[in-house]
Amino acid sequence: MIKNYFKIALRNILRHKGYAAINISGLAIGIACCMVIFLFVRNELNYDRFHEHGERIFRVLRYATGDGAERRIGVTSAPFAAALQTDFPTDIEEAMRVMPNEGLVTCGDNSFYEKKFFFADPNFFEFFSYSLLTGNAAEALATPNDVVISKAMAGKYFGEQNPIGQTLTLDKRYEFRVTGVFGKPLANTHLDFDFVAALAVFQSRPWFSNWWANNLVTYVRLRPGVEASVVEWQFPQFMEKYFGAHFRKTGIIRSLLLEPLPEIYLNHATTFDPIPHGDPQTIMLFTVIAILVLLIACVNYTNLATAKSANRAREVGMRKVMGAHRQNLIAQFVGESTVLAMLATLSLRGAGAPPVPPSQCQARQHSREYRVAQVH
């Protein structure tokens, strides 16, 4: 019986080619638009969800209150990481710091201004799931003059030569030895970098031990089973220990918050934030557009089917005379709609799968307050 329904549906489609072409093309365009938007939305919502133990990784935010205002601040000073691990040994498994930066990179006679030159702690490639093509993740940033570069940068500066052991100079001042090469980071990560150098190169600088030199992004990984809210509840005592005298003097109280790794990209409520962000309103807007486009395609199909129903009244009457029940007629027309929808979907294969649209979010320009040049 079902086979007969589909056979009749195909015969009707072939008999009314113009009507079928309009319906199939309308549904195909609607489905294609929805698929493209779905891929974009899925990409935006999947930021930083590929990291191992990512559910236990959090960014440390400073939370400031005073004068009736509340602010979330995305940068911290260098001493925070070690202090957090020391004061919360049973809660925090590991801490790691990143400093986004930009500068003039020189190799021989070639010099380029690079905007994605990061500094990080030695455990960067173990803390996050960025794999190395060449080099040891545990030792790539072990010494203060180590740097790991992307495959694209290796070709840019060294061509066909082996980049391992080669020297790069930053701002005509800091020399780094290439110890590893990584593939381009996944598109859906909030950390977009081409170079990762050892943060320890600055450990002799006065600002590196200054609690008020806030130019780093600090991350922590909690131990299994530890809730972020439990750790946050203890942060006021932590801040009182290191900043209590200043709080009482200025009347401005600061605490700390833990921001889950997957929420960083879409969080716009953070100030002094040197990383790129997506826009939740844009995601919502595109989702609504996708629903409307699909709804319009369905309404278009329904209107055409309704207009065509007058021409099929004789067919319906004849089927009733021949003993067809209401359920049979419903099954027949649903079968035809299903065939049209399947053909519309299959027609997309001829045009190729829709590409993933690039993120509309562009990285903010780093504030000059937090560039390395200002702390030299």
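Tabulated results
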{"item": "Candidate set from segment 131-147 (those that are out of contact with any helix residue (DSSP H, G or I) (no Cβ under 8 Å at 6 or more places or on another chain) and under 16 Å from LEU199 (Cβ atoms)); member that is most open to solvent (accessible area, probe 1.4 Å)", "result": "GLU139"}
{"item": "Qualifying residue in segment 113-125 (condition: acidic (Asp, Glu), part of a strand (DSSP E or B), touching a residue at least 12 places away in the same chain (Cβ under 8 Å) and open to solvent by less than 20 Å² (accessible area, probe 1.4 Å))", "result": "yes"}
{"item": "Flag if PHE176 is over 30 Å from VAL41 (Cβ atoms), out of contact with any Phe, Trp or Tyr (no Cβ under 7 Å at 6 or more places or on another chain), open to solvent by less than 30 Å² (accessible area, probe 1.4 Å) and at pLDDT below 95", "result": "no"}
{"item": "In segment 232-289, the residues that are touching a Phe, Trp or Tyr at 6+ places or on another chain (Cβ under 9 Å) and among the aromatic types (Phe, Trp, Tyr)", "result": "PHE235, PHE238, TYR242, PHE243, TYR265, PHE272, PHE286"}
{"item": "Breaking point among (1) of a type in the set (Asp, Glu); (2) over 30 Å from the mean Cα position of the chain (by Cα); (3) exposed (fewer than 14 other Cβ atoms within 10 Å of the Cβ), for GLU227", "result": "(2)"}
{"item": "Any chance GLY165 is small (Gly, Ala, Ser), part of a strand (DSSP E or B) and over 27 Å from PHE80 (Cα atoms)", "result": "no"}
{"item": "Members of segment 63-97 found to be in contact with a Ser or Thr (Cβ under 6 Å, 6 or more places away or on another chain) and either under 18 Å from HIS277 (Cβ atoms) or part of a strand (DSSP E or B) (or both), listed by number", "result": "TYR63, ARG71, ARG72, ILE73, GLY74, THR76, ARG97"}
{"item": "Qualifying residue in segment 45-60 (condition: open to solvent by 30 Å² or more (accessible area, probe 1.4 Å), out of contact with any Cys (no Cβ under 7 Å at 6 or more places or on another chain), in a strand (DSSP E or B) and touching a residue at least 12 places away in the same chain (Cβ under 8 Å))", "result": "no"}
{"item": "Some residue of segment 151-161 being in contact with a helix residue (DSSP H, G or I) (Cβ under 7 Å, 6 or more places away or on another chain) and either open to solvent by less than 20 Å² (accessible area, probe 1.4 Å) or at pLDDT 95 or above (or both)", "result": "no"}
{"item": "Qualifying residue in segment 242-258 (condition: open to solvent by 60 Å² or more (accessible area, probe 1.4 Å), closer than 17 Å to PHE58 by Cβ and in a helix (DSSP H, G or I))", "result": "no"}
{"item": "Residues of segment 264-291 satisfying the condition of being open to solvent by 40 Å² or more (accessible area, probe 1.4 Å), farther than 16 Å from ASN43 by Cα and polar (S, T, N, Q)", "result": "THR271"}
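The values are calculated or read from the model by the stated rules, or taken from the named source; none is laboratory data. It should be emphasised that the depicted structure is a prediction, and the values quoted were computed from it without experimental measurement. Here Cβ is always computed from backbone atoms with ideal geometry, including for glycine, and neighbour counts include all displayed protein chains. Each accessible area value is taken on the protein alone, full model and side chains, heavy atoms only, with ligands, DNA and RNA left out. Shrake-Rupley method; radii C 1.70, N 1.55, O 1.52, S 1.80 Å.
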